[in-house]
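What follows is one structure encoded as structure tokens, with my remarks underneath.
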Amino acid sequence: MHELDRRRIERWAGKISGPVIDAGCGPGHWTDFLHKRGIDISGVDLVPEFIERARVRFPDVSFRVSSLRALDVADGSLNGVLAWYSLIHLTPAELPHILSELARVLGLQGHLLVGFFEGASAEPLDHAITEAYYWSVGQISRLLADAGFEVLDVETRQDPGRRPHAAIAAIAG
């Protein structure tokens, strides 16, 4: 975990009280990171093997198999959603629906933090696990606005030898 990512996610989480999900939690390290900071969080991922591995590594944290396409969470029941490098695996046609689903589960003024590889929107990238895409800050910001979010802030960085990174914090309107 990059130190700047840790600080960014910790700052974001410091504004939230109440339930949070790590949407597309993968191996669960960010879920555990926030759990250790007192956040009421659970991790969800579509891949059962990731959830099994996360449960073994972090037995004190809640993890479950769930699709971002239809989260098994009541409308407005969450105060935060972390989508850290999970949305990059969605096809360009799916992303608007998924962002609307995240808006559905967040309460009014619920917080969203999205991390992604910045580049030409919807351009495929080589990824070790599965198909993935670059997104521009402008395109993600527009899609967030279309889904009912207000963008609060944007961070970008380019680390030597790595893909460009972007993070957007938003609130549900």
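The values are calculated or read from the model by the stated rules, or taken from the named source; none is laboratory data. As the structure is a prediction and not an experimental result, all values here were calculated from the model. Glycine also receives a Cβ, built like all others from the backbone with ideal geometry; neighbour counts cover every protein chain displayed. Only protein heavy atoms, including side chains, enter the accessible area calculation; ligands, DNA and RNA are left aside. Shrake-Rupley method; radii C 1.70, N 1.55, O 1.52, S 1.80 Å.
Where does the stretch 13-85 land on the Kirkwood hydrodynamic radius, alpha-carbon pairs, in angstrom?
It works out to 12.0 Å.
Return the Rg/Rh ratio of the stretch 86-173 with Cα-based radii and a Kirkwood Rh.
On the way: Rg = 12.8 Å, Rh = 13.2 Å.
Rg divided by Rh gives 0.97.
Rank these by accessible area, largest first, 1.4 Å probe: 36, 15.
36, 15
How far apart, in nm, are the 7 Å Cα→Cβ label points at residue 145 and residue 40?
Calculated label separation equals 3.4 nm.
Apply 1/(1 + (r/R0)^6) to the Cβ-Cβ distance of residue 53 and residue 127, taking R0 = 22 Å, and write down the FRET efficiency to the nearest 0.05.
Details: r = 18 Å, r/R0 = 0.83.
Calculated transfer efficiency: 0.75.
With every atom except the alpha carbons ignored, what do you get for Rg and Dmax of the chain, in angstroms?
Radius of gyration, then largest Cα-Cα span, for the chain: 14.8, 42 Å.
Could you give the distance between the Cα centres of the stretch 1-77 and the stretch 114-173, to the whole Å?
So the separation of the two Cα centres works out to 19 Å.
If 91, 31, 156 are ordered by their accessible area, calculated over protein heavy atoms with a 1.4 Å probe, which sequence runs from highest to lowest?
Result, largest first: 156, 91, 31.
Over the stretch 51-92, give the accessible area per residue in Å² for a 1.4 Å probe, as an integer.
48 Å²
Rolling a 1.4 angstrom probe over the protein chains, ignoring ligands and nucleic acids, what is the accessible area of residue 146 in square angstrom, nearest 10?
130 Å²
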